[in-house]
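For reference, the structure discussed in these notes is given below.
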Amino acid sequence: MTTTQRRGRKIMMTPEELDEFLRTQRTCRVATVSADGAPHLSALWFAWDGTSLWLYSITRSKRWADLRRDPRVAVVVDAGEEYGELQGVELSGTVEFVGEAPRTGEPCPELDEVERLFAQKNFTLNEMPHDGRHAWLRLTPDAVKSWDFRKLAAL
């Protein structure tokens, strides 16, 4: 994973800041490529395990169809309202499909931790509720760019 960036090194998040930011934020924006080559952007909840971003997507969505055809993706997680408080992370790479689709809760040790993290963060539950409509995508990013405009005050 590439975590260096040419522009904005002074406002780049440290690895610890990036990890904390991704563990606490809830919503990301997922960019895929449609069959006709047009970009498609959608919002989605996610979990971060320290290495990979896990996306819990509806399997009958345009996003899912796009990624089945072309697994390349860019994801942005951002926060802040005023210019001086803007923070964000852009992750890009290729997704992998993990577990059954749609997910019904069949045993899958690879999903145990991510489902625990996701259920606690998004539902304040200790166990993942499965609705038979969603399934897991794992993005282990090839590139990561981050920014934290709160650091501008120190420059």
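Throughout, read-outs are computed from the coordinates displayed, never taken from laboratory work. The model shown is predicted, which means the values in this text are computed figures rather than measured ones. All Cβ positions, glycine included, derive from the backbone under ideal geometry; neighbour counts span all protein chains shown.
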Exercise. Across the stretch 27-78, what is the number of residues that are under 19 Å from residue 147 (Cα atoms) and among the β-branched types (Val, Ile, Thr)?
Worked result: 6
Exercise. For the stretch 82-105, does any single residue satisfy the condition of being surrounded by fewer than 12 Cβ atoms within 10 Å (Cβ to Cβ), hydrophobic (A, V, I, L, M, F, W, C) and not in a strand (DSSP E or B)?
Worked result: no
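Could you please find all residues in the stretch 109-132 being loosely packed, with under 14 Cβ neighbours inside 10 Å and assigned to a loop (DSSP other than H, G, I, E, B)? If you could, list the steps in order and put the result at the bottom.
Step one: list which residues in the stretch 109-132 are loosely packed, with under 14 Cβ neighbours inside 10 Å, which gives 109-110, 112-113, 123-127, 129, 131-132.
Listed by number, the residues that qualify are 124, 125, 126, 127, 129, 131, 132.
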Exercise. Can you name the residue in the stretch 64-81 that is touching a Leu at 6+ places or on another chain (Cβ under 7 Å) and under 14 Å from residue 41 (Cα atoms) and, of all such residues, is surrounded by the most Cβ atoms within 10 Å (Cβ to Cβ)?
Worked result: 67
